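What follows is one structure encoded as structure tokens, with my remarks underneath.
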Amino acid sequence: MSAMELHGLDTETEVFFYEQDFYVLSNFSAFTVRRGSVTFQTAEHAYQWAKFVVVPGVKNDIRDTLYSVRSEIENASSAHDAFKIAGLNAGLCRHDWADARVGIMHNILGLKANQHEYVRRKLLATGDRTLIENSWRDDFWGWGPNRDGQNMLGKLWMQLRAELRGEGQEAGR
């Protein structure tokens with residue numbers, strides 16, 4: 001691979017996808033995701049929406065508030081707005097979110113890849129390079145301000161890439 005084919009911080013062994021050529025892998029990129037009966041504008045919309053689960057037996061006022069938050073997120077004009085709405089309602093987030101979020105994100109990314117050939121092609125075009133969400137703000141999903149974060153989004157994309165190649169189970173299951 002020549003230096004001419006590399007963008008931003010990309011190297012022959014790493015792809016940084018917060019911006020640049022592989023922005024398609026960002027949850028904020030403009031690719032719809034159909035999850036169940038709902039079609040979301042972006043993967044970020046789907047992820048933020050999933051934080052607010054209406055469980056049987058919840059009080060009517062809380063149930064109505066949860067449905068309202070979900071509707072606001074679903075109809076948010078941008079991924080950034082969906083993120084902000086979820087943040088403003090963090091106190092209503094499902095109690096098991098810390099444990100459930102990685103599995104839910106894996107599902108959403110798999111759906112995104114399965115529903116958009118371009119996303120699949122771009123993901124496979126990363127070859128065997130390490131995928132890194134170049135987010136200086138988020139040290140769980142990205143590599144964070146000190147470049148030593150968990151990079152869970154990059155790890156999930158690499159897992160899905162392996163699955164798409166037939167090296168694991170099918171993507172999006």
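The values are calculated or read from the model by the stated rules, or taken from the named source; none is laboratory data. Predicted model, so just to flag it, every value in this text is computed and none were measured. Here Cβ is always computed from backbone atoms with ideal geometry, including for glycine, and neighbour counts include all displayed protein chains. Surface accessibility is based on the protein's heavy atoms, side chains included, excluding ligands, DNA and RNA. Shrake-Rupley method; radii C 1.70, N 1.55, O 1.52, S 1.80 Å.
Yes or no, residue by residue, for (1) closer than 30 Å to residue 62 by Cβ; (2) among the hydroxyl-bearing types (Ser, Thr, Tyr); (3) touching a helix residue (DSSP H, G or I) at 6+ places or on another chain (Cβ under 6 Å):
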| site | (1), (2), (3) |
| --- | --- |
| 100 | yes, no, no |
| 120 | no, no, yes |
| 123 | no, no, yes |
| 131 | no, no, yes |
| 136 | no, no, no |
| 143 | no, no, no |
| 163 | no, no, no |
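Got at least one residue in the range 95-107 being among the hydrophobic types (A, V, I, L, M, F, W, C), within 12 Å of the chain's Cα centre (by Cα), crowded, with 21+ Cβ neighbours inside 10 Å and closer than 28 Å to residue 165 by Cα? Checked against the condition, which is being among the hydrophobic types (A, V, I, L, M, F, W, C), within 12 Å of the chain's Cα centre (by Cα), crowded, with 21+ Cβ neighbours inside 10 Å and closer than 28 Å to residue 165 by Cα, the range 95-107 yields no hits at all.
Is it true that residue 39 is of a type in the set (Val, Ile, Thr), modelled with pLDDT of 95 or more and in contact with a strand residue (DSSP E or B) (Cβ under 7 Å, 6 or more places away or on another chain)?
On the way: of a type in the set (Val, Ile, Thr): yes; modelled with pLDDT of 95 or more: yes; in contact with a strand residue (DSSP E or B) (Cβ under 7 Å, 6 or more places away or on another chain): no.
The answer is no for residue 39.
All conditions in (1) touching a Leu at 6+ places or on another chain (Cβ under 9 Å); (2) in contact (Cβ under 8 Å) with a residue 60 or more places away in the chain hold for residue 118, with the sole exception of (1). Looking across the range 30-56, the residues that are over 13 Å from residue 109 (Cβ atoms), open to solvent by 10 Å² or more (accessible area, probe 1.4 Å) and of a type outside the set (Ser, Thr, Tyr) come down to 30, 34, 36, 38, 41, 49, 51, 53, 54, 55, 56. Can you tell me which residues in the range 36-95 are among the hydroxyl-bearing types (Ser, Thr, Tyr) and in contact with a helix residue (DSSP H, G or I) (Cβ under 6 Å, 6 or more places away or on another chain)? Listed by number, the residues that qualify are 42, 47. Filter the range 108-132 down to the residues that are among the aliphatic types (A, V, I, L, M) and part of a helix (DSSP H, G or I), then identify the one that is surrounded by the fewest Cβ atoms within 10 Å (Cβ to Cβ). Among those that are among the aliphatic types (A, V, I, L, M) and part of a helix (DSSP H, G or I), it is 124.
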